[in-house]
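Scroll down for the structure; my scribbles are underneath it.
FYI, it's all coordinate maths here, none of it is from the lab. Keep in mind the model is a prediction, meaning the values are calculated, not measured. Note that we place each Cβ from the backbone using ideal geometry, even for glycine, and neighbour counts take in every protein chain shown.
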Amino acid sequence: MSYEREGSIPVTGGEVWYRIAGADAPGVPLLLIHGGPGAPHDYLENIALLADERPVVFYDQFGCGRSGRPDDPSLWRVERFVAELAAVRQALRLDRVNLLGQSWGAMLAVEYLLSGGSGVDHLVLSAPLLSSPLWIADQRKLLEAMPIKVQEAVTTAEAGTTYETAEYKEAMTLYYQRHLCRLDPWPDCLNRTFEGFGMQVYQSMWGPSEFTCTGNLRQAELTPRLPEIDVPTLLTCGRYDEATPITVAEFCRLIPVARMRIFEDASHSHHLEQPDEYLSEVRAFLK
């Protein structure tokens, strides 16, 4: 990596923070779109290792991390985040670009592409959320394989809408250790993401927990439109991912030019759990 730069970009409601690793690298830039909604970029920072070949662009979506955090729930809508992505790209003059969306960021990347985003060379969808109904169903299946005490804690919390109890927090920790990140201890970059988490964004768009979707994404469904994706696409997931291999394989089948990679002994954070293999896969795909 060589030259880096960072700054802020005006968007609807305020400003978003960005950083470019390898800003003077020769290749087509890779723009990273983080998940959540509301989970800032920190957990993706190891992807900056690809900046030896191309600029790698990070930004924190509005409402989390180093970007503005207004107390205005009306801002947390898919179309606003699509417009924000377009504004970031225009401000940084990314005329040609590769997109990498992780989790909710994959949905945002596809929404942007299908809304008319042009000049995209390649698309990487890591641990993709592309269908809220499928995601919710998959979380329920994964929950059924957890210990009874975890299942009971979730059921009790949902019945009473009590998501701040010690029992529920312990249940979520155990679930995350199996399906969000299997490293022990969690890497510092992932902990920093949780420290900078935009909870208002998450609760407005998703809900109080992974299992209970009450936000405006609850009916989000891109599966019927996946055949419209007209750029080469790489889909990745972990064997124990919240984005399950069966569901991701169905997404891959629907995209005209796509391939899929499953990372063994890994989960939703497979880019951190199997970093060498993940970066090698993405590097080869972008070439």
Taking N as the number of residues in the range 39-128, the ratio of its alpha carbon radius of gyration to 2.2 N^0.38 Å works out to 1.07
Projected onto their principal axes, the Cα atoms of the range 160-287 stretch, largest extent first, over whole-Å spans of 46, 34, 25
Treating only Lys and Arg (+1) and Asp and Glu (-1) as charged, each at its beta carbon, one finds that the range 1-56 has a dipole about its Cα centre, in Debye to the nearest 20, of 140 debye
Given the candidates M199, L134, P275, the one whose Cα lies deepest towards the positive end of the charge dipole of the chain, counting +1 at each Lys or Arg C-beta and -1 at each Asp or Glu C-beta, is L134
Which residues qualify? For L30, with a placed amide H closer than 5 Å and at least 5 residues away or on another chain, they are V56, V57, N98
Beyond 32 Å, the calculated P(r) of the chain holds a percent of Cα-Cα pairs equal to 19 percent
The computed P(r) of the range 128-198 puts the percent of Cα pairs beyond 19 Å at 45 percent
In whole Å, largest first, the alpha carbons of the range 22-74 cover along the principal axes 40, 17, 14
Expressed in Å to one decimal, the Kirkwood Rh of the range 223-287 from all distinct alpha-carbon pairs is 12.2 Å
The distance between the Cα centres of the range 225-248 and the range 151-206, in whole Å, is 24 Å
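In µm²/s, what is D for the range 1-93 at 37 °C and 0.692 mPa s, where D = kT/(6 pi eta Rh) by Stokes-Einstein and Rh is the Kirkwood radius from Cα pairs?
Answer from the Stokes-Einstein relation: 244 µm²/s.
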About its Cα centre, the range 144-252 carries a charge dipole, from +1 on Lys and Arg Cβ atoms and -1 on Asp and Glu Cβ atoms, whose size in debye to the nearest 20 is 80 debye
In debye to the nearest 20, the charge dipole size for the chain, taken about the Cα centre with +1 at each Lys and Arg Cβ and -1 at each Asp and Glu Cβ, equals 520 debye
